[in-house]
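A quick write-up on the structure given underneath.
The values are calculated or read from the model by the stated rules, or taken from the named source; none is laboratory data. All of these numbers come straight from a predicted model, not from anything done at the bench. Glycine gets a Cβ as well: all are built from the backbone with ideal geometry, and neighbour counts include every protein chain shown.
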Amino acid sequence: MNLNNEINQFNPNTLVGKASMPPASWYSAQAFYELDKKTIFNKTWQPVVRISELAQPETYKSGCISGIPWVIASNKNGELKAFHNVCRHKGREVVTGQGTAKDGMLTCGYHGWQYGTEGDLKRIPRQDKSLLDFDKSTMGLKPMALEVWGHWVFINPDSSAKPLVGSLSTLNEQLEARNWTKLKYHSNKTWNIGCNWKVYVDNYLDGGYHIPHMHPSLNDQLDMSSYRTEIFENYSIQSSPPTKKDNSVQGLSAQARIGDGSIYAWMFPNFMINVYGDCLDINLVQPIDENNCRVYYEFYFLNTDDNGFIESSIRQSDITQQEDIEICESVQVGMKSGHYSPGRYLPNIEQGEFHFHKLLFNNYHQ
């Protein structure tokens with residue numbers, strides 16, 4: 001397979017009404033999985049920690065994004081720094097999970113090399129004068145870019161990345177109008193799905209096209225005739241008011257669950273923020289390989305003591321997610337079949353998908 005030829009089968013410089021979707025290789029070839037890691041996940045902002053998880057000084061949390069290990073540490077003043085979680089000695093992850101930086105140190109479990117919460121190399125066990133031409137100041141943990149926005153700490157493996165928050169003004173205004181930062185974290189879930197991560201994003205961004213056909217309970221809560229999509233530089237916003245019908249889904253009326261209307265915000269490449277009524281949930285989709293992904297959910301509510309409302313709302317989210325899994329896994333079968341030819345966009349509906357594909361194309365050519 002010629003990778004450049006496969007990339008260039010998609011034309012980002014035409015009108016959406018004339019454009020064809022990307023070829024199946026973007027979703028089923030290992031070469032594109034490797035390309036995604038190199039050109040997408042090595043260079044984009046990822047929400048990895050809730051701010052509240054690192055509220056105490058000299059604590060840390062670590063993880064891995066598409067094969068890239070990271071750690072965020074809080075120093076003695078509570079300031080946060082992000083690093084590539086790779087020991088400069090033998091490459092082991094310095095720390096795993098989350099915990100307290102004992103004596104302000106992140107200690108590698110392999111040979112005991114110690115780093116401060118500022119990332120600097122502090123101590124090498126059994127070091128003596130036989131180690132020649134060694135400058136400890138150049139052997140600290142490699143930094144990542146870090147920003148705080150909303151409920152989360154974001155990191156970018158590219159330490160010189162373009163700032164995140166300044167590019168989100170319209171989204172921030174819409175979310176602030178819904179008092180989203182006052183909502184409280186409740187719980188989380190993780191789903192493993194047998195599809196490429198881009199299949200999952202495509203499904204999210206299709207302008208609600210699939211909702212009447214695949215999400216009957218959600219369809220009964222939204223006024224689909226007023227559903228709309230707004231496109232911005234590195235994100236898009238889908239929104240819908242609640243249905244005017246007097247009905248009940250999972251024990252909740254549409255007006256009670258959707259409230260003033262739903263906001264479905266997507267940030268390139270893989271982060272989704274869903275606001276409705278007094279609820280917020282997020283989906284973060286990460287690739288496992290070319291045919292599988294993992295979706296991480298978090299749920300937030302204004303009143304975390306209203307167990308009946310919370311249970312009904314999460315149950316509705318689970319129903320929608322199960323329906324989306326059915327869609328995405330079936331699409332992946334088609335992408336792997338060898339018999340998919342690129343489809344066409346409905347210009348009045350699927351602008352969000354076209355925007356996503358253009359951003360992918362641009363990153364692939366960087």
First in the range 46-62 and over 20 Å from residue 184 (Cβ atoms) and without any contact (Cβ under 8 Å) to a residue 40 or more places away in the chain, second anywhere and small (Gly, Ala, Ser) and part of a loop (DSSP other than H, G, I, E, B), Cβ under 7 Å, 6 or more apart
57/78; 62/97
For the range 309-348, which residues satisfy the criterion of being farther than 30 Å from residue 188 by Cα and surrounded by fewer than 16 Cβ atoms within 10 Å (Cβ to Cβ)?
334, 337, 338, 339, 341, 342, 343, 344, 346, 347, 348
List, please: which pairs have Cβ atoms under 6 Å, are six or more places apart or on different chains, and start with a residue in the range 175-197 that is in a helix (DSSP H, G or I) and end with one that is surrounded by 16 or more Cβ atoms within 10 Å (Cβ to Cβ)?
180/275; 180/280; 197/285; 197/287; 197/293
What are the residues in the range 176-198 that are of a type in the set (S, T, N, Q) and either assigned by TED's automatic domain parsing to the domain that holds residue 52 or at pLDDT 95 or above (or both), if any?
187, 188, 190, 192, 196
Quick check: is even one residue across the range 313-334 assigned to a loop (DSSP other than H, G, I, E, B), outside the structural domain of residue 152 (by TED's automatic domain parsing), touching a helix residue (DSSP H, G or I) at 6+ places or on another chain (Cβ under 6 Å) and at pLDDT 95 or above?
no
Out of all the residues in the range 162-174, which are of a type outside the set (D, E, K, R) and in a helix (DSSP H, G or I)?
165, 166, 167, 169, 170, 171, 172, 174
Condition broken by residue 58, with the remaining ones in (1) modelled with pLDDT of 95 or more; (2) at negative phi satisfied
(2)
Kindly list the number of the only condition in (1) of a type in the set (Ser, Thr, Tyr); (2) surrounded by 19 or more Cβ atoms within 10 Å (Cβ to Cβ); (3) in contact with a strand residue (DSSP E or B) (Cβ under 6 Å, 6 or more places away or on another chain) that fails for residue 44.
(3)
Just the residues that are within 26 Å of residue 108 (Cβ to Cβ), over 14 Å from the mean Cα position of the chain (by Cα) and in a helix (DSSP H, G or I), please, taken from the range 38-61.
53, 54
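Results for (1) at pLDDT 95 or above; (2) in contact with a Pro (Cβ under 8 Å, 6 or more places away or on another chain); (3) in the same structural domain as residue 292 (by TED's automatic domain parsing); (4) part of a helix (DSSP H, G or I), shown as yes or no for each residue.
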position: 14; (1), (2), (3), (4): yes, no, yes, no
position: 18; (1), (2), (3), (4): yes, no, yes, no
position: 27; (1), (2), (3), (4): yes, no, yes, yes
position: 33; (1), (2), (3), (4): yes, yes, yes, yes
position: 36; (1), (2), (3), (4): yes, yes, yes, yes
position: 88; (1), (2), (3), (4): yes, no, no, no
With respect to residue 117, is the statement that it is exposed (fewer than 10 other Cβ atoms within 10 Å of the Cβ), without any contact (Cβ under 8 Å) to a residue 60 or more places away in the chain and not basic (Lys, Arg) true?
no
For the range 205-216, check the following and say yes or no: at least one residue is modelled with pLDDT of 90 or more, in contact with a helix residue (DSSP H, G or I) (Cβ under 7 Å, 6 or more places away or on another chain) and under 17 Å from residue 352 (Cβ atoms).
yes
Regarding the range 95-111, can at least one residue be identified that is free of Cβ contacts under 8 Å to residues at least 60 places away in the same chain, part of a loop (DSSP other than H, G, I, E, B), under 21 Å from the mean Cα position of the chain (by Cα) and surrounded by 12 or more Cβ atoms within 10 Å (Cβ to Cβ)?
yes
Of the residues in the range 129-157 that are touching a Ser or Thr at 6+ places or on another chain (Cβ under 8 Å) and either modelled with pLDDT under 95 or within 24 Å of residue 38 (Cβ to Cβ) (or both), the one that is surrounded by the fewest Cβ atoms within 10 Å (Cβ to Cβ) is 142
Restricted to the range 120-149 and to residues being part of a loop (DSSP other than H, G, I, E, B) and in contact (Cβ under 8 Å) with a residue 40 or more places away in the chain, the residue nearest to residue 270 (Cα to Cα) is 142
Return the residues of the range 112-129 that are under 31 Å from the mean Cα position of the chain (by Cα) and either of a type in the set (D, E, K, R) or closer than 18 Å to residue 53 by Cα (or both); say none if nothing qualifies.
117, 118, 120
